[in-house]
1. What's the longest uninterrupted piece of the chain once you rule out the chymotrypsin sites (Phe, Trp or Tyr not before Pro) that are loop residues per DSSP with at most 10 other Cβ within 10 Å?
2. Using r as the Cβ-Cβ distance of R115 and E70, and R0 as 25 Å, what FRET efficiency do you calculate, to the nearest 0.05?
3. Specify the longest stretch of the chain that does not include any exposed loop site, a site being one of the GluC sites (Glu not before Pro) with a non-H, G, I, E, B DSSP assignment and at most 12 other Cβ atoms within 10 Å.
4. Just read off the accessible area of K93 with the full protein assembly in place, 1.4 Å probe, to the nearest 10 Å².
5. Between the range 77-132 and the range 45-62, what is the separation of their alpha carbon centroids in Å?
6. Where in the range 1-83 are there trypsin sites (Lys or Arg not before Pro) that are in a DSSP coil and have at most 11 other Cβ atoms within 10 angstrom of their Cβ?
7. In whole percent, what relative contact order does the chain give with Cα contacts below 8 Å and a gap of six or more residues?
8. Grab the Cα-Cα distance for R108 and E24, subtract it from 0.36 nm times how many residues apart they are, and report the gain in nm with one decimal.
Amino acid sequence: MSQEFSTVFTGRRKCAIAQVKLIEGGGELVINGKPASVYMQENAFAITSIEAPLRVVKLQKKCGIIVNVEGGGLTAQAQAIKLGIARALSALKPSYRASLKEKGLLSRDARCKERRKYGLKKARKAPQFSKR
């Protein structure tokens with residue numbers, strides 16, 4: 001692994017967009033200038049979700065990660081970061097791609113909020129029906 005992997009990789013989920021950069025050594029995860037546990041508010045589910053691609057290729061303590069993320073909620077941001085890390089690892093070493101793909105870490109979840117339709121209160125919620 002080089003000193004700094006020059007390309008920034010992008011992960012997306014709902015309205016969240018994460019830009020991920022891998023750095024050799026350390027093993028620390030920095031999100032928007034804060035440690036991951038502070039930024040994710042000690043949410044164990046989000047932190048383990050983010051570290052899943054690193055566990056699959058056994059690189060938890062070997063590479064540092066710098067992330068800039070915006071939009072969405074914490075869960076969507078965590079999933080966007082996870083996709084960005086998986087894409088960066090597969091580009092870093094093509095042999096990682098098969099194991100990451102097998103665990104489903106390279107597929108983007110395309111579900112997003114449905115648009116509101118006229119005559120309805122929300123995307124599918126209709127106003128209360130009145131018989132008379």
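1. Working: sites that count: Y118, F129.
Excluding the exposed sites themselves, the longest stretch runs over 1-117.
2. Details: r = 22 Å, r/R0 = 0.86.
Computed FRET efficiency for R115 and E70: 0.70.
3. Details: sites that count: E42, E114.
Longest run free of exposed loop sites: 43-113.
4. 100
5. 20
6. On the way: sites: R12, R13, K14, K21, R55, K58, K61, K62, K82; in loops: K14, K58, K61, K62.
Sparse-neighbourhood loop trypsin sites (Lys or Arg not before Pro): K58, K61.
7. Numbers: 235 pairs, mean separation 39.7, N = 132.
Across the chain, relative contact order equals 30 percent.
8. On the way: separation 84, 0.36 × 84 = 30.24 nm, distance 2.58 nm.
My answer for the length gained is 27.7 nm.
The values are calculated or read from the model by the stated rules, or taken from the named source; none is laboratory data. Note that the structure is a prediction, hence the values are computed from the model and not measured. When we count neighbours, we look across all protein chains shown, and the Cβ atoms used for this are built from the backbone with ideal geometry, even at glycine. We work out accessible area using only protein heavy atoms, side chains counted, and drop any ligands, DNA or RNA first. Shrake-Rupley method; radii C 1.70, N 1.55, O 1.52, S 1.80 Å.
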